[in-house]
Amino acid sequence: MQVKIRSIAAISLITAISFVSCKKTDTTTTTTDPTTELTAQTDDQSNVSSTSDAIENDVNAYLDNNASFNGRMEGVQGMPCNATAVADSANGIRRITITYNGTNCSGKRTLTGVVVMSMPIGTHWKDAGAVLTVNTQNLKVTRVADGKSIVINGLKTITNVSGGKLSQLSSGSITHTISGTDSVTFDNGKQRIWQMAKQRVFTYNNGSVITTTGTHTEAGVNGIAEWGTNRFGNAFVTAISQPLVIRQDCDFRLVSGTVVHSKLVADVTVTFGLDATGTPVTCPNGSFYFKAVWQGVNGVTKTIILPY
């Protein structure tokens, strides 16, 4: 009987120790500095967004240079490097299939995969309200600087709200809206769904100037351009608080703008168009940098500056 009582006591002690141990582990997890997740989310969003912008620029270049979609004219935007395009039509649909297989014109990324753009026969892209469907298929994008890659599969629509061709843009403006969903596979193997809703306004100043804003509203947040789940499995929204500006005379690079990532453990404000010290610059020979700022543990302000 005494042996049995001792056994029960031992089991109770082990159970108590295990419970305390588990509670300690849980406490450690909940107080972990979120720097890793917020830094990764900021870099991922910059990477996915810039890839999306680059693909849309390539799509515009092919549209303006393809006679069957619009009539061949002198294009404002250059054709992409290490990419080929094939035009065809069937079942009342006109298509251009772009196949990427190499480094882009800036030398900053390599791309492999396919993008298919399509539009009903009889619709002209230059017409106001024309809608183009863009299907991205296993597009792997690798940053040359650090070897990090993402793979994108997705479907989006681009609407030429104002009408007009970018090849004819020398005054006034042309407005496009973009909406759709991407499945993004990160380099750690995690696959996530990201949605987008953007407006891009094209003007001319020593080349094309592209100004991007967000058009989605959710839970009282306006100007949302992207939302979904990050690589850590946590929901996020990214709102553009200061328009993102891309300039052709700076090799179609993002030169300024601010976004705010929210719904995470902290709101992160990210400013683009900076040098390595966090000072705004015009068009450097090397990399642009972004600065991300948020309130960390115990109210301490955290700041990171990274190239993009």
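The values are calculated or read from the model by the stated rules, or taken from the named source; none is laboratory data. Model, not experiment: these values are computed from the prediction. So basically every Cβ, Gly included, is an ideal-geometry build from the backbone, and we count neighbours across all protein chains shown. Heads up: the accessible areas ignore ligands, DNA and RNA and are worked out on the full protein's heavy atoms, side chains in. Shrake-Rupley method; radii C 1.70, N 1.55, O 1.52, S 1.80 Å.
A few remarks follow.
- Residues within the stretch 166-180 that are touching a Gly at 6+ places or on another chain (Cβ under 8 Å), on the phi < 0 side of the Ramachandran plot and modelled with pLDDT of 90 or more, tallied: 2
Quick grid of which residues meet (1) under 30 Å from S287 (Cβ atoms); (2) of a type in the set (V, I, T):
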{"site": "G92", "(1), (2)": "no, no"}
{"site": "T97", "(1), (2)": "no, yes"}
{"site": "G122", "(1), (2)": "no, no"}
{"site": "A128", "(1), (2)": "no, no"}
{"site": "N135", "(1), (2)": "no, no"}
{"site": "R143", "(1), (2)": "yes, no"}
{"site": "G163", "(1), (2)": "no, no"}
{"site": "S170", "(1), (2)": "no, no"}
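- Failed condition for S118, given (1) touching a Lys or Arg at 6+ places or on another chain (Cβ under 9 Å); (2) in contact (Cβ under 8 Å) with a residue 60 or more places away in the chain: (2)
- For the stretch 211-236, filtering for residues that are free of Cβ contacts under 8 Å to residues at least 24 places away in the same chain and part of a strand (DSSP E or B) leaves 5.
- One residue stands out among those in the stretch 76-96 that are surrounded by 17 or more Cβ atoms within 10 Å (Cβ to Cβ) and under 26 Å from the mean Cα position of the chain (by Cα): the one that is modelled with the lowest pLDDT, which is V76.
- Within the span defined as the stretch 237-254, every residue fails to be part of a strand (DSSP E or B) and of a type in the set (F, W, Y).
- Qualifying positions in the stretch 144-162 - among the charged types (D, E, K, R) and open to solvent by 30 Å² or more (accessible area, probe 1.4 Å): D146, K148
- Count of residues meeting criterion [open to solvent by 60 Å² or more (accessible area, probe 1.4 Å) and not hydrophobic (A, V, I, L, M, F, W, C)] in the stretch 216-230: 3
- Residues of the stretch 260-284 that are closer than 22 Å to V297 by Cα, surrounded by fewer than 18 Cβ atoms within 10 Å (Cβ to Cβ) and among the small types (G, A, S): A266 alone.
- Of the residues screened, G129 is not one that is of a type outside the set (S, T, Y), over 25 Å from A239 (Cβ atoms), at pLDDT below 95 and surrounded by fewer than 14 Cβ atoms within 10 Å (Cβ to Cβ).
- Yes/no for V141 being open to solvent by 60 Å² or more (accessible area, probe 1.4 Å) and β-branched (V, I, T): no
- The number of residues in the stretch 175-215 that are open to solvent by 50 Å² or more (accessible area, probe 1.4 Å), of a type in the set (S, T, N, Q) and within 24 Å of V141 (Cα to Cα) comes to 6.
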